[in-house]
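Reading through the C-alpha cells given below for one structure.
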Amino acid sequence: MNLNIAITGLNATDNPAPGIPVARCLREANWKGKIIGLAYDAFDTGIYDKEILDEVYLIPYPNEGEIAILDRLKQISHKTKIDIFIPTLDSELFNANRIANELKNFGIHTFLPSEEQIKMRSKSLLSEFCMKHNIPVPKTQIVNDIRQLQNAVAQLKLPIVVKGVFYEAYVCHSLEEAIIYFGKINIKWGLPIIVQEFLNGEEYDVACVGDGFGNLVGKVPMRKLRLTDKGKAWAGITIYDKVLDQISEHIISALKWRGPCELEFLKEQKSGKYVLIEINPRFPSWIYLSAGVNVNLPFANVKLAVGEKIKKMSSAKAGFTFVRHAIDLVCPMNYIESLTIKGELIFKK
C-alpha cells in the first residue's frame, strides 16, 4: 500500500494524546507513504519528532466546527495528498463523522464509529447501555446542579467518583470535595457531570478494533501496573483472561462497533468480577503496545478504512510490559517559526 496518513492528537505530555503512539505503530507496519501530523498548537510536543512524522500542519480546534476542519483538510490535500484521516481525540469525532462522506468524495478515507455508537457509549448513557445488555457497571447518576450532586452522594455513599462528560475523574471522600470537583469539571468540560460509586480493585484496559458488523477484529488486553496522578497508565502488562475476552467480544457485538476503542474495566476486589468503567471511542495512548506484541491495531484500522477485508487477528501474547518515559526533542527555532507563520512544517528526509 502507498498511503499518506494524517493523524491528530500529537501532544505528548504527562497526559499524552494517542497520536504519536498511533504514528509509531504505523511506522512499524508494511506500507509506503507519509505520516502527516495535524496539530492544534505550535507547542504540541510530539510534532517535532522528525523520525516519526514527515510533515506537520496546524488545524482549527474542534469547537470551530466541522466546516473549518473540512476546509483545512482540503487545503492541506492540495499541498500533500491525504489518503487516510485518523482523529485520535474524543472531541474530534462528531466533526469527523459529519464530514466523512465529503472527505471520501475528496479521496480521504476514515474508519470511525458512527454518531449513534459514540452517543451510546457516552459516560452519560453507558449505565443504561450496560444494564440493557447485562454488562456489570458501577452505580451511576447524572447530575446537572449541586442539589442533584447532594442527592447522588446521599444515595451512592462516600467515597464517590466525579467524572467529566469527556475527560477527568476524581475520587471524592466528602461532599465538600465533590462540590469542588463538580465546579472544576463544569468550568472545563461543561454539564452533565457523572457521579459513580467507588469500587476497590485493579484496573484493566482492552484496546479494540471493530468491523462495524459486531465482530471484534483485534484486541490487546492489559493490566495497569503504574498510574500517573491523573490516573493514566504509565506502565502495564499484557494478559490473557477468557472472561475478559468474552465480555469484550460481547460489548463490541452489542454496539456493532466500527473502528478503534478502549474498554476500561475494574476487577472488583470483593467479588473478582470485571466491571465496565468507560468506553473510549478511539485508540488509547498506550496503543504502541499493540505493535510491540504483533497485533498492530492502528494498521488494521487503516486496512479497514481502504476497504480491505481482514481476518480476525491473533491474540496478544501475555506477559509483555510497556513502561512510558519522557524524551527531549531538540530542534532549531525555525521549526516553530514555520508552524507559527505558515501553519506547516516539512521535515527534510
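Where a number appears in this text, it was derived from the coordinates with a stated rule and is not lab data. None of these values were measured; they are calculated from a predicted model. Neighbour counts run over all protein chains shown; Cβ positions are idealised from the backbone, glycine included.
Straight Cα distances below 28 angstrom link Lys309 to the lysines Lys32, Lys34, Lys74, Lys81, Lys104, Lys119, Lys219, Lys242, Lys256, Lys317, with same-chain residues fewer than 8 positions distant left out.
Note on Val243 and Phe213: the model spin-label points, each 7 Å out from Cα along the C-beta direction, lie 3.2 nm apart. Of the Cα atoms belonging to segment 139-197, the radius of gyration and Dmax stand at 9.6, 26 Å. Annotation for Ser91 and Glu64: the two label points, set 7 Å from Cα along the Cα-Cβ direction, are 1.3 nm apart. Using a Gaussian network model of the chain with C-alpha springs under 10 Å, which one of Leu329, Leu266, Leu53 is most mobile by mean-square fluctuation? Maximum fluctuation in the GNM of the chain, among the listed residues, is at Leu329. Listing Arg27, Arg226, Arg258 from fewest to most neighbouring C-beta atoms within 10 Å gives Arg226, Arg27, Arg258. Return the aspartates and glutamates within reach of Lys184: Cα separation strictly under 17 angstrom, same-chain partners fewer than 8 residues apart disregarded; answer none if there are no such residues. In chain and number order, the partners are Asp145, Glu168, Glu176, Asp229.
Bridging of Lys312 to aspartates and glutamates at a Cα separation below 17 Å is possible for Asp211, Asp245, Glu249, once same-chain residues fewer than 8 apart are set aside. In the chain, the ratio of gyration radius to Kirkwood radius, Rg to Rh, stands at 0.96 when only Cα atoms are counted. Gap in Å between the Cα centre of segment 80-106 and the Cα centre of segment 1-58? Centre-to-centre (Cα) distance: 15 Å. Under the simplified labelling scheme, the His78-Glu116 pair shows an inter-label distance of 3.7 nm, with each label point 7 Å from Cα along Cα→Cβ. Quick check: Cα centre of segment 238-276 to Cα centre of segment 170-223, how many Å? What the calculation gives is 14 Å, centre to centre.
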